[in-house]
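Here's the structure we're looking at; comments come further down.
The numbers here are math on the coordinates, done by the rules we state, and not lab data. If you're wondering where the values come from, they're calculated on a predicted model, not measured in any experiment. Positions of Cβ are backbone-derived with ideal geometry, glycine not excepted, and every protein chain shown enters the neighbour counts.
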Amino acid sequence: MKVAIIGYAGCAYHASAIQAANQAGIKAHVTTVADGVAFKRFLKSINTIHQTSPIVFELAADAADGDDLLNATLIGGCDDLQRRLGTMTTADKQLLERQSDTSSRTPKEIASFFHATQRKHRFVVWVLWRGVW
């Protein structure tokens, strides 16, 4: 599999897509434009419905250069590439981090977490502080 990853400098999702491709050992042709304005201009030039950085294409097997998007297939963005590669998406990572952080949960999420933990351990001793309730 060969991909073209196009995004703008400073975009964390662009960097994540590059990292995911490198970790998966796939060949990636990376294009980084100067900023978000230049990236939006690029998107308009290729007439796509995709609106966020990065935009990722799967290149044809016989494509010699990553700049040739003529026969490329749109994958989507960073999370779409990660799903295609079978790795954890950025959204999945954020959800996992949030599950272990009880300080920013809603009362409904806290109650659900308490009940699930009680079922799992059959007993729970809770200390609520910082004005949660």
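Using the per-residue mean of other Cβ atoms lying within 10 Å as a proxy for protection, in what order, highest first, do the peptides 19-27, 74-82 fall? Kindly include the intermediate steps, with their values, before the conclusion.
Details: 19-27: 14.8, 74-82: 21.1.
Listed from highest to lowest mean packing, they are 74-82, 19-27.
Listed from fewest to most Cβ neighbours within 10 Å, the set R83, R119 follows the order R119, R83.
Relative to the current alpha-carbon distance between M88 and L70, full extension at 0.36 nm per residue lengthens the span by 3.5 nm. Highest-first packing order for the peptide set 104-111, 89-96, 11-18, 35-42 is 11-18, 35-42, 89-96, 104-111, based on the mean count of other beta carbon atoms within 10 Å. Among beta bridges from DSSP that stay inside the range 1-109, the antiparallel ones total about 55%. Residues whose amide H lies under 5 Å from that of K2, counting only those 5 or more places away or on a different chain, are L59; hydrogens are built 1.01 Å from N in the peptide plane. Each label was represented as a point 7 Å from its Cα along the Cα-to-Cβ direction; for A38 and Q118 these points are 5.7 nm apart.
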